[in-house]
1. Between B:PHE73, B:GLY5, B:THR83, whose Cα lies farthest towards the positive end of the dipole of the range B:1-86 when Lys and Arg beta carbons carry +1 and Asp and Glu beta carbons carry -1, centred on the Cα centre?
2. With the cut-off at 1.5 for a/c, could you classify the range A:236-384 from its C-alpha gyration tensor as rounded, prolate or oblate?
3. Pairs of Cα atoms under 8 Å, at least six residues apart: use those to get the relative contact order of chain B, whole percent.
4. Can you pull the mean other chain C-beta count within 10 Å for peptide B:80-92?
5. How long is the gain from B:GLU223 to B:THR39 if the chain were fully straight, where each residue apart is worth 0.36 nm and the alpha carbon distance is subtracted?
6. I need to check one value: relative contact order of the range B:205-316, counting alpha carbon pairs closer than 8 Å and at least 6 residues apart, in percent.
7. Give me the 1.4 Å probe accessible area per residue for the range A:208-309, excluding ligands and nucleic acids, in Å².
8. Using a 1.4 Å probe over the heavy atoms of the protein chains, calculate the carbon and sulfur portion of the accessible area of the range B:81-145 as a whole percent.
Protein chains: 2
Amino acid sequence: MRKIGVRGTFFDFVDDPWKHVGAEAQAARFLADGLLVMTDGLIEAFGTYEALGPRHAGIEITHIEDRIILPGFIDGHIHLPQTRVVGAYGEQLLPWLQKWIFPEERKYRERDYAREGVRRFLDALLASGTTTCQAFTTSSPVATEELFEEAARRNMRVIAGLTGIDRNAPADYADTPENFYRDSKRLIAEYHKKARGLYAITPRFALGASPELLDACRRLKQEHPDCWINTHIAENPAECRGVLLDYPDCPDYLAVYEKFGLVGPKFSGGHGVYLSDGEFRRMAESGATVVFCPCSNFFLGSGLFRLGRATDPEHRVRIAFGTDVGGGNRFSMLNVLDDAYKVGMCNNTMLDGSLDPGRKDLAEAERNKLSPYRAFWSITRGGAEGLYIDDKLGNFTSGNEADFVVLDPNGGPMAQPWRQSLIREDGGPRTLEDAASLLFGVMMVGDDRCVDETWVMGKRLYKKNN
Amino acid sequence: MRKIGVRGTFFDFVDDPWKHVGAEAQAARFLADGLLVMTDGLIEAFGTYEALGPRHAGIEITHIEDRIILPGFIDGHIHLPQTRVVGAYGEQLLPWLQKWIFPEERKYRERDYAREGVRRFLDALLASGTTTCQAFTTSSPVATEELFEEAARRNMRVIAGLTGIDRNAPADYADTPENFYRDSKRLIAEYHKKARGLYAITPRFALGASPELLDACRRLKQEHPDCWINTHIAENPAECRGVLLDYPDCPDYLAVYEKFGLVGPKFSGGHGVYLSDGEFRRMAESGATVVFCPCSNFFLGSGLFRLGRATDPEHRVRIAFGTDVGGGNRFSMLNVLDDAYKVGMCNNTMLDGSLDPGRKDLAEAERNKLSPYRAFWSITRGGAEGLYIDDKLGNFTSGNEADFVVLDPNGGPMAQPWRQSLIREDGGPRTLEDAASLLFGVMMVGDDRCVDETWVMGKRLYKKNN
């Protein structure tokens, strides 16, 4: 039994800031001088140093100064085998897949290549402060195996699964529904709930899935109801149109997944740019999750996710945020927050009525504003809720797994320290509000350079080379 | 007379890539092993090391390896006194000005504060590889004076001018047309064409300018016809509507500036998100320039600049790119290219006809695609053309001022080197096409960390702390 402590300035969330319009700080928790006590990687106690310190006098305590410690970031949608083709030039979703993505993903059939890809992928995540991801792999099992194996060696919590596609892909990349079913069964037995691995039944997207493949997913979910389901939904107009041509009996994109019994708790659909209000409502009612990937939606030109609509209390959908590397061009969830803020602001110029009075909706516009509270909740506690792992991690509550990131609010480009000094002339934040304002500077002016350390299960796995 | 050389891999432009659709490489120039010979900060010769080296055997040569050397970046639109409020939360243009910007800009009436701001501003530019900017200052002369003085000490080419506003600003920030005219006259005499300074008559924007202020600008331009004119145009829907209410005799935004004789060569209008085809055409015919500021247009939610429309050969407008700090949230022109690419891709999902067949325009969509050629041309040679300083700088042609940036294509986040290795397994680029592909990785996956050195007039002013 290894009991240790970390003393420093802590910031996390106990509730959803979208539930506290006008008083978002109520959703957050801030300890200017806190202590996190961990036993074997789990949080045993969390409170002020003043209160907890004397009770844990004998343990080894690491004192981290001039930093803000947050729960580790959660990337709800990322593609392991696109690590090397991040930022590939010039195409929208469908031609981009054919030109850049499938040829690279094919390489992951070779174990050595997959192993190198996994290593670089997890290194890049940890250097970005991301401690948990929900990842797509490839249509061949090698990449999935290597990802779970390496994540287990690093003791990282990862949700992933063999990524099935049997249509609209090169012949030597597509798989059959039979192989997909058989390989998924084997991988579930081998990796689901082993170490910190969680298995997601993963049909790549409806446009790449025959009814037989989706039926295999249905059977897998029925036979393994505690598995996750991860896919894409309503990302790009041409994709949406293709799906409705392939599934003419379905009135909309979501209906395809509903038809095969996949939509419910632990179901994630990436993107959702073109989801209708009705689809949002059905996702909300079923407990399904949409994963917002703004860097990707900009980079591939897919469109503007309607964040203020998805967070409408009338049909509040669970939401995680994701990089969608390589559709997204950055590994850092801080860059995701930068672009997510911009998506919200662009939406709001439509919603303020200045271009079209008929579209005026100030309540929706308010929900589009990605305050630092909403932003950092979304990539910590909110992401955990979206991925149904909030019983395990996402904030510093006792019993949770001790994954956290140590942020340097001045760690980014040269312009950052003076900007931040407008909030605090010297030293770290003393109030919750100051901390939130500094965090907005981290996401809009800073980047992964602000990630000074990343800890997983109470162990430091990344330290920035200052 | 000080003659020196720099040997390395060089990349610059001899023509506009938009004129070479399908063969953009023809606009670029690449020397895998080149030599730049400089005398007193001016380029004396540029060619292969093989050809030039023997002819310059006696001079001191700095050999820069594993890097790509480009002309210094040009930021066509930036606000000096917003350096500290970069990334300020939550508002569109007009309320953002009132809440965050005017209170900060007011501080620049104090010389000490202005001096610190200028120092940090130019430091941030150099660390981003930006060697020339066209800057807004404030309504009081102090900031303008300090900017020209410090730029002269660093020997940097800067275009700037007292920034006039006499409406829609706090009473203690707004100035009178008489003061503006008098102070501008004095500053022109003091700083225009002194050291590398160039003076821009700078009415902030039409919404902040009375007819009397714009008339003062007209007189200044008549009396100093070789001065520049810098302002904003058609940034935000509410701003545009306000301008047309203030100037009911003008049919559109551009007409306000036309009415006062300001539109022509050396006129820059920042943003232009809501310019009509007719306004583009009139700007093109007059030789005026629009400055595209994508980070800002996203950050303030202003909208999507129609790059493919502005570059229509039927009415090709001169274009520079700008950060628009603090409306833009990043000092680096590489981040500007990241967001500019995204703006183009978002436009294209409208133009491919998948959402609205009536808007299909594939030629315009092609022009929206910000290839690395178009991108780096726009922030070097193209920016120089836009600002009418291409007789002085922008590429490595003999006679030009030797401002350049040394890029490390692997200098960005942890994920970058493996991404770049897909193009070149080891060493620097050997072909123009490889260099362009690496540069796309610099702009979409890298950032200012890729700026390893920045040289101004043949002198190294910035070196990254590796």
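The values are calculated or read from the model by the stated rules, or taken from the named source; none is laboratory data. Everything quoted here is computed from the prediction, not taken from an experiment. Cβ sites come from the backbone with ideal geometry, for glycine too, and all protein chains shown count toward neighbours. Accessible surface is based on the protein model in full, side chains and every heavy atom, while ligands, DNA and RNA are left aside. Shrake-Rupley method; radii C 1.70, N 1.55, O 1.52, S 1.80 Å.
1. Of the options given, the answer is B:THR83.
2. Numbers: a/c = 1.42, a/b = 1.24, b/c = 1.14.
Taking the square roots of the gyration eigenvalues as a ≥ b ≥ c, the range A:236-384 is rounded.
3. Values: 1067 pairs, mean separation 89.8, N = 466.
In percent, rounded to a whole number, it is 19.
4. Numbers: counts 0, 0, 0, 3, 6, 2, 9, 13, 7, 10, 7, 3, 6.
For this peptide, the per-residue mean of nearby foreign Cβ atoms is 5.
5. Working: separation 184, 0.36 × 184 = 66.24 nm, distance 3.51 nm.
Separation in residues times 0.36 nm, less the Cα-Cα distance, equals 62.7 nm.
6. Numbers: 146 pairs, mean separation 29.0, N = 112.
It rounds to 26 percent for the range B:205-316.
7. Values: 2870 Å² over 102 residues.
Here the residues of the range A:208-309 average 28 Å² of exposed surface.
8. Numbers: 910 of 1810 Å².
Here it works out to 50 percent.
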